[in-house]
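The values are calculated or read from the model by the stated rules, or taken from the named source; none is laboratory data. Not measured: the values here are computed from a predicted model. Glycine also receives a Cβ, built like all others from the backbone with ideal geometry; neighbour counts cover every protein chain displayed. With ligands, DNA and RNA removed, areas are computed over all heavy atoms of the protein, side chains included. Shrake-Rupley method; radii C 1.70, N 1.55, O 1.52, S 1.80 Å.
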Amino acid sequence: MALFQIGFSGMLLPALKISPGSDREWMGFFYQQTARYVRDYPDEVTVQEWEAIDGVLEYDKLAEAYNPITSDPVKFDAYRSEQTWKERKAYFKAWFQQFLKHPGVYVEASINGCYGFFYPGSKEWYDYLDFSSVINERGNGFFCIYHPEPFKPLRECLTRGEAMAKELPVIGLFFRHGVYVFVTLWRAMILAAAGKYRYAAALTPFLGNILVCIVSPYNANTRYLLPVIYGTGLSVMAVYSAFEKGGVPAREGEVFKTREK
């Protein structure tokens, strides 16, 4: 991951003159907390806090733009692209001051933005039936790609089949984010408790992915959890491999020993 960040994102993309992502992407987590604070406690915002917030976000748009499950409206509709580092520093100072006054608002904003990744009752969703991308580097034109129209009946048939599968016993569990997250966490705890740190370390990327989901811009959006979903089989096999090779204590002091070949 370090090589990817340094080599690919840090060196190759700039060398190819590919534009970097906006700072609003990683700032969205904090913007969401500020927007909820402004919505819930507008009368407690001081003049200094108002000026600091308005330097990076259009203050008058925050309360209306706030959506509990996604930071996209705030970070796109209210974001000031011309903001300076001095203004950003003032914003974080105001952010911290408001946190001290009402920390519960920040907790609520954070939980509303990620609970769907942990709640087993929440079913996965996605809305990528069509694709479209916007190119702003040269002009303000749109470059759109759509699925072939002749395959529309097949796509609709598959979509209906998936919707039915989500409601089936057992099979429906595979469409729930919380199942994958808690299976991964459970396996990591088993390995750590048994002292199998080498195998537990193999799950580090997936645990990191779960942390990323906590600050993701859209609650329960499947694409942010894909590494964990695809890696669940690996986490299960890590436990099996660890105990198959080294043995594991069983109930009443018994030991399952490795099978001799």
Subject >> Qualifying GluC sites (Glu not before Pro) for region 145-244 [loop in DSSP, other Cβ within 10 Å: at most 13] >> reply: Glu167
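For region 15-117, what does the accessible surface come to per residue with a 1.4 Å probe? Please give it in Å².
Working: 5680 Å² over 103 residues.
Result: 55 Å² of accessible area for each residue.
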Original post:
Across the Cα atoms of region 155-226, what radius of gyration and what greatest pairwise Cα-Cα distance (Dmax) are found, in Å?
Top reply: 15.4, 49
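Please compare each pair in Lys17/Lys75; Lys123/Lys152; Lys17/Lys86; Lys17/Lys61; Lys61/Lys152; Lys75/Lys101 to a cut-off of 30 Å on the Cα-Cα distance and tell me which ones are over it. Working shown, then result.
Numbers: Lys17/Lys75 25 Å; Lys123/Lys152 24 Å; Lys17/Lys86 27 Å; Lys17/Lys61 34 Å; Lys61/Lys152 39 Å; Lys75/Lys101 23 Å.
In this structure, Lys17/Lys61; Lys61/Lys152 exceed 30 Å between Cα atoms.
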Subject >> Compactness of region 42-115, expressed as Rg and Dmax over alpha-carbon positions, Å >> reply: 12.3, 34
**OP:** Arrange the peptides 19-25, 62-68, 30-36 so that the one whose residues have, on average, the most other Cβ atoms within 10 Å appears first.
**Re:** 30-36, 62-68, 19-25
Subject >> trypsin sites (Lys or Arg not before Pro) within region 160-224, DSSP loop, no more than 13 other Cβ atoms inside 10 Å >> reply: none
**OP:** Enter the accessible area per residue of region 161-202 (Å², integer; probe 1.4 Å; all protein chains in place).
**Re:** 61
Subject >> Sequence ranges 44-57, 97-110, ranked by mean other-Cβ count within 10 angstrom, highest first >> reply: 44-57, 97-110
Subject >> Cα-based equivalent ellipsoid, region 12-75: semi-axes from gyration tensor eigenvalues, Å >> reply: 28, 13, 8
